[in-house]
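> Take a look at the following structure, please.
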Amino acid sequence: MPPVPLPCVQWTKNNSANRWLGLRLDWIGAGLVGFTALACVLAIRLGKGAGAGTLDPGLVGLVLSYTSMLTGLLNWGVRQFSEAEQGLVAVERTRQLFLCPQEVTAQPLGDVAGDWPAQGELKLTNVSARYRAGLDLVIKGISLTIPAHTKVGVCGRTGSGKTTLAKLLFRFLELEAGSIEIDGLDISRVPLKTLRGRVTMIPQDPVLFAGPLRYSLDPSGLFAEDKLWGALEAVGMKSFVTQGEGGLDADIAEGGENLSAGQRQLLCMARALLESPRVLIMDEATSNIDGQTDERIQTMLKEKFSECTVLTIAHRIDTIMWYDRVLVLGHGKVLEFDTPSVLSKRPGSAFGALLNEYKEGKEQ
């Protein structure tokens, strides 16, 4: 039996809750009508003094009629109150977002060179960071220098700080201590728009936009059409786009749902290739694609990004064996930083242990 779609399940639960509420409100309305009728009878039977035992029949009918209307009013009132409360949730969340601390750049540099970063050298000095005040440090005193044009594979167990380190380069998190320099420039003083426009990241889940294909490749409209075709040819997507309807104007669904995971990732690579970055970060970008597409991406990194400093958060350990350096993190600290060949042969190496575990899992 095929699984029930999630929207259908949600609709069924909502409908059941409405039925449950309607039944209870009907019971309350019926109880009020019965109580009112009994009160009228008792008023007639137990009345004393002048006119005892008499009660205007029209008044009794009016009271019972109005009381019976309470059932509908109860349903309407409760539903209106529930909808108002749901609507106020959006107001509450908007207020919470409005009160969140804003991203600011302390002592911003007035002028950043248009070609910065020209080389892509990274220098981390005693870097420490936490996700918010009161929580433990997730990055603890990391100090290392990554020469320009170096390909670095970042690996480690879950919670070691791999993705957090990538976020620090974009200042999604501010440093608790230390500094990060790109080509000798402290990124804490670089305006956020400039920093995030000069450093490129390919995330694990590729991001495409609803609309024409050219908009997903070049959202700002900075590149000529021949550049777009050249980037598509470099990633091996030119024939696919040419054979499809519309070419560069082909319609892309929200999030690229009408494309495979590998095709979405290759389009993100084409977008990165257009930007010609000097610092490229890949956050497990090949974790959701097949081995053939992964091999194509690795070949592209060797050929098309030879002048770029690449930090790859590795999902498959064997894909970073050709890299210049491997950075092994553990509990927010640097465990090892050396060439893959040296680390894989070093006795008791953390990288060697990860590599052996990966090979054993692959064989199984």
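The values are calculated or read from the model by the stated rules, or taken from the named source; none is laboratory data. Every value quoted in this text rests on a predicted model; they were computed, and no experiment measured them. Quick reminder, even Gly has a Cβ in these numbers, built from the backbone with ideal geometry, and neighbours come from all protein chains shown.
> Counting only residues that are under 32 Å from the mean Cα position of the chain (by Cα) and farther than 27 Å from Pro147 by Cα, which one in segment 337-363 is surrounded by the most Cβ atoms within 10 Å (Cβ to Cβ)?
Among those residues, the one meeting the criterion is Tyr358.
> Shifting gears a bit: Just to be sure before I move on: is Pro108 under 30 Å from Glu307 (Cα atoms), loosely packed, with under 15 Cβ neighbours inside 10 Å and at pLDDT 90 or above in the structure I sent?
Spelling it out, it is not the case that Pro108 is under 30 Å from Glu307 (Cα atoms), loosely packed, with under 15 Cβ neighbours inside 10 Å and at pLDDT 90 or above.
> I'm checking my understanding of the structure. Among residues of segment 174-186 that are closer than 21 Å to Val310 by Cβ and surrounded by fewer than 21 Cβ atoms within 10 Å (Cβ to Cβ), which one is modelled with the lowest pLDDT?
Gly184
> I would also like to ask the following. Just one of (1) touching a helix residue (DSSP H, G or I) at 6+ places or on another chain (Cβ under 7 Å); (2) of a type outside the set (Val, Ile, Thr); (3) part of a loop (DSSP other than H, G, I, E, B); (4) at pLDDT below 80 trips up Lys48, so point out which.
For Lys48, the failing item is (1).
> To continue, here is another question. How many residues, within segment 127-156, are touching a residue at least 40 places away in the same chain (Cβ under 8 Å), under 26 Å from the mean Cα position of the chain (by Cα) and either in a loop (DSSP other than H, G, I, E, B) or at positive phi (or both)?
Residues that pass the stated criteria total 5.
> Being of a type outside the set (S, T, N, Q) and surrounded by fewer than 17 Cβ atoms within 10 Å (Cβ to Cβ) is the filter here; which residues of segment 187-210 pass it?
Correct list: Arg189, Pro191, Leu192, Lys193, Arg196, Gly197, Pro203, Asp205, Val207, Phe209, Ala210.
> Name every residue in segment 155-164 that is out of contact with any Gly (no Cβ under 9 Å at 6 or more places or on another chain) and either surrounded by 21 or more Cβ atoms within 10 Å (Cβ to Cβ) or not polar (S, T, N, Q) (or both), in order of residue number.
Cys155
> Suppose we keep only residues that are under 24 Å from the mean Cα position of the chain (by Cα) and among the basic types (Lys, Arg) within segment 157-198. Which one would you say is nearest to Gly141 (Cα to Cα)?
Ranking the qualifying residues of segment 157-198, first place goes to Lys162.
> Of the residues Asp318, Asp324, which is within 29 Å of the chain's Cα centre (by Cα) and either assigned by TED's automatic domain parsing to the domain that holds Gly178 or farther than 26 Å from Leu208 by Cβ (or both)?
Every option except Asp318 fails the conditions.
> Of the numbered conditions (1) farther than 30 Å from Phe305 by Cα; (2) assigned by TED's automatic domain parsing to the domain that holds Phe305, Val127 satisfies every one except a single condition; which is it?
(1)
> Can you tell me which residue is farthest from Thr299 (Cα to Cα) among those in segment 209-266 that are modelled with pLDDT of 85 or more and of a type in the set (Ser, Thr, Tyr)?
Tyr215
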